[in-house]
1. Between the range B:712-758 and the range B:519-570, what's the alpha-carbon centroid distance in Å?
2. Along each of its three principal axes, how wide is the spread of alpha-carbon positions in the range B:484-550, in whole angstrom units, largest first?
3. What FRET efficiency comes out for the pair B:T423/A:E4, r = Cβ-Cβ distance, R0 = 60 Å, nearest 0.05?
4. Set the bar at 25 Å for Cα to Cα. Now go through B:K174/B:K738; B:K454/B:K787; B:K320/B:K661; B:K405/B:K454; B:K563/B:K738; A:K61/A:K119 and name every pair that lies beyond it.
5. How big is D, in µm² s⁻¹, for the range A:36-85 by Stokes-Einstein at 4 °C and 1.567 mPa s if Rh is the Kirkwood radius over C-alpha pairs?
6. Mind putting a number on the dipole of the protein assembly as shown about its Cα centre? Charges go on the C-beta only, +1 for Lys and Arg and -1 for Asp and Glu, and I need it in Debye to the nearest 20.
7. Tell me the Rg and the Dmax, in Å, that the Cα atoms of the range B:74-124 produce.
8. Rounded to a whole number of µm²/s, how large is the Stokes-Einstein D of chain B at 20 °C and 1.002 mPa s, given Rh as the Kirkwood radius over C-alpha pairs?
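Please treat every number below as a calculation from the coordinates, not as lab data. The shown structure was predicted, so the numbers you read here are calculated from the model rather than taken from an experiment. Note that we place each Cβ from the backbone using ideal geometry, even for glycine, and neighbour counts take in every protein chain shown.
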Amino acid sequence: MKSELDIMLTVDGAKERATVEPRSLLIQVLREKLGVTGPHIGCESGRCGACTVLVNGEAVKSCMMLAAQADGAEITTAAGLAAEDGTLHPLQQAFHEHHALQCGYCTPGMLCAAMDLLKTNPNPDENDVRQALRGNLCRCTGYQHIVDAVLSAAETLGSGASAVKGAAE
Amino acid sequence: MNAPNLNTQQHAETGKHTGKAMRRMEDTRFLTGRGRYVGDITLPRQLYAHFVRSPHAHARILKVSTEAALAVSGVKGVYCANDLQGTRDVPPNWVLPGSQVKGRPALAREIVRHVGECVAVVLAESPEAAADAGVLVDVAYDPLPTVFSASDALQDGAHKVHGDLPDNLATTFKTGNGGYDEALEKADREIAFNLRNQRLVPFPIEGRAVNADFDPATERLTFYTAHQIPHMLRRMLAGALGFPEHKLRVISPDVGGGFGPKMHFYPEELTLARLSCLLKRPVKWTERRSENVAATTHGRDHEMEVRVAVQKDGKVLGLKLDSKANVGAYLSSMGTGVPTINVALFALGVYAIPHSDVTITCAYTNTTPVDAYRGAGRPEAAYMIERVMDRVALELGLDPAETRKRNFVQPDQMPYAQPTGTTLDTGEYAMTLDLALKNAGYEGLRKEQEEARKKGRYLGIGFSNYTETCGMGNGFILQFVGFDRGGYESAVVRVHPDGRATVLSGSHSHGQGHVTTFAQIAADELGIAPEQIEVLQGDTDMIPFGIGTFNSRSVPVGGSAVKVAAGRVAAKMRRIAAHLLQCEPDNVLIEEGIFKAADGNGTVTIERVAHAAWTGHDIPYELGIGLEETEFFHPQSMSSPYGAHIALVEVDPETGEVELKRYIAVDDCGVIINPLLARGQVHGGLAQGIGQALYEDAGFDAQGRPALEPSIPRFDMLPRFETDHTVTPTPTNPLGAKGLGEAGAIGAPPAIVNAAIDALWGLGVRTLDMPLTPERVLTSIRNAANKETEA
């Protein structure tokens, strides 16, 4: 007999209940049970970071956390970063401006990892960004445009300005 | 974006929207977690598949025991080859004439021939139940002798991968105009060395994914798959299944990276399609990474011996290449085409080399099938010829840039038919190289290198002047080389009664941004804003027959189809507007959705024109109804983008570490539609090319198992890239665009390895193999030192 657990999560502001197996990973519950398909699965080892979400504000690879461990937590995915009226968060806007995404598969996880960085280090330099995001793989962009986007977002968020500096060569 | 116009030839014009760094219209859904990939699609009555795969590289299947698996709650069934009656093997569709062909079985029959080959599949009501049952399927194997490398497989008496073939030879291809020995007689010396283009795992972050949905009510099969070529897949799948093609719908929604392997037809696709038809339920499978590294096709894997006959001034008189290519256990889709045609034809690169003898031998081995991966053969060719150029320069004490200039095909020789069989359409190689030298500050770099050497530091500068002939067409040529595909691309352009437009394209984006670039192209023709245009792809019920996205062909071929179709719609709109304005069509101007008579008398909106077209009100009868055009753009020939890349590395001779300090790329892809997206393509290609040079390897162990975690570059493993462009438009299509997607992956490996060899030349290092791991570099330095001591 499998024992099952009832857990409660807040996902992008919405309260959710789920019945999960003790072995269920957070990513499985988000995707399969709750239909939250922003975070993706790209590996089996926690190496690619495509599943990264914010758990109580901290970036977590949701394939490395049991769903039961997240009981009661507040989960934010890329879908929860934009304002309610759909206005993109300055980080999302910077990704758009700097062409920091191509196929988009790593992007939701990348945004969450970068959110965590900007919270802990609001004024990163290029090396800080490259070190902080090294746990998130992107096979399309070669990373440079993502670095530029994160640096630009940091500047915007730091200055309180609403516009994000355009992509510069 | 800095794109200096250094071209001396005539330019194709960019327009109001093309040529601009427009931000992508498709971004928002990805940024807000609303991308829709196959794995995100779950259907009513969904079944989930788990494949049971061979842990052996070569073995006889003695028995498959399924009792324990079938006892797992929620399991619907366990299926083996016998359950797929009437299903053919997955056939390759590029087969060089004369090849010995072995396609991939949907599920293995009696023998498995590589690690990861599918033996059985479990279907269950949940992915967990399928996986739980999968580990309980007990397969008894009798291991058989193995062979892993092409050179071993081609030895007399090698273990045979396919018992019913006489040997492991898949095919042999020869090209060139011959006369190498004659060239050697005239030459001052011969330079010979071996190269290894290692096997790579393409590693899109999204693995493959399938949801096969047979509907018994309509007897239609809807087949969701993460794919680059929906129409080709439909044709191949229908053939292998024996399913009516007109009732098979392939949908490829958002695709999480392709890079080549997602353009092929796979055993898992065939198996799941068959089982959905049998069970009349949708069946879903998302590939795990451990499956991806073993069962999704790999790239490269050539063992090359090259000889060149050179004059002391660096002029290369003849080239002789003998390469052994590993095609794996079966022929994947582009089977014996990629390792032969795509390598051999481009062996002379951008150089006028009077004599050439090229032989490529393809061998079956007990490894994962090898197929197209970003560049697909051209990286192997470029790596060889560009390594040759730097080697010639170093051996003769010449400057590698100058050596190249002495060998370049000259602009006044274009179009230039290489004796290996390809034609270079356009190119001003010295111009592009000069810009790279300028951007690099080359003279300063050489001084820096000299100064550093005095301080015991080893800097190296490496070059690469790759070409990547691309934009595949036309059908006649493809037939000649055994490639069972068309060489065109489709587009439908439809202006709706409200004046907005839909573009349907047979290309298929997996990150390239067609939604934006194709809208820019159509917008310039139609005289409306790109935001008024929606580009749709990836659904065979909706899109006319297409050839899809690979071979850097989407813009040159797919974009040209959009331009031509949109141009015809625009011409019809002009005629209607002229009728409404009572003037000649040639005198009608269109801008931002307003038609004006050139003499300034009156205007009419696109809505009015479109309304007239779709109602037939107030238009001449002979114009016919509607504003919709279909184009199958079929280029006569391919184009040859090229570039000049320069790498600066520092090698630490104590640790063997190679630091890539700078990477300077000047690419020429003809006319650029969107410079921001073009830069993204260059960056992505460079990341994969640098990955090959420094880090990546499929990493088979002694049992033939590929590494579970190939060393894909992370953020901290790549430098900033210094990119730039020259523009030599191609006459092969109306955009003047040549394609760019594979440039970086082709250009980077030789530039970096050349730089590392340049750094260590003084220590006696003459050659290095990729990836340049510290261990490998240290070994080369030690071997060179030992040789010197012996001498």
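1. The two parts, judged by their Cα centres, are 25 Å apart.
2. Its Cα atoms span 40, 23, 18 Å along the three principal axes.
3. According to the calculation, E is roughly 0.35.
4. B:K174/B:K738; B:K320/B:K661; B:K405/B:K454
5. 113 µm²/s
6. So the magnitude is around 1000 debye.
7. For the range B:74-124, the Cα radius of gyration and maximum Cα-Cα distance read 13.6, 48 Å.
8. The calculation lands on 78 µm²/s.
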